[in-house]
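The values are calculated or read from the model by the stated rules, or taken from the named source; none is laboratory data. Predicted model, so just to flag it, every value in this text is computed and none were measured. For neighbour counting, all protein chains shown are included, and Cβ atoms are generated from backbone atoms with ideal geometry for every residue, glycine included.
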Amino acid sequence: MNRLTYWLLIALCAAVEVWGQIIGNRDLFLIGAMAGFGVIAVARLLYRADRYEEFAEAGEER
């Protein structure tokens with residue numbers, strides 16, 4: 001996941017959270033928050049997978 005995609009998804013989740021606050025829908029706010037945490041988690045997993053591949057190609061193990 002490149003930086004542009006990451007930040008666009010985070011901005012979308014933040015917009016959903018703000019919209020949920022504006023219209024007073026707590027469920028929408030929580031959906032945006034959970035989606036934001038999901039984006040962060042997936043980005044971290046992809047980053048770790050890339051680092052693991054770099055170590056595997058170099059013949060090193062952690």
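Annotation note: of Glu57, Glu61, the sole residue that is at pLDDT below 95 and outside any helix (DSSP H, G or I) is Glu61. If I ask for residues that are surrounded by fewer than 14 Cβ atoms within 10 Å (Cβ to Cβ) and in a helix (DSSP H, G or I), which ones from segment 15-39 would you list? Those that are surrounded by fewer than 14 Cβ atoms within 10 Å (Cβ to Cβ) and in a helix (DSSP H, G or I): Ala15, Val18, Trp19, Gln21, Ile22, Ile23, Arg26, Asp27, Leu30, Met34, Phe37, Gly38. The set of residues from segment 1-11 being surrounded by 14 or more Cβ atoms within 10 Å (Cβ to Cβ) and either free of Cβ contacts under 8 Å to residues at least 12 places away in the same chain or among the hydroxyl-bearing types (Ser, Thr, Tyr) (or both) comprises just one member, Tyr6.
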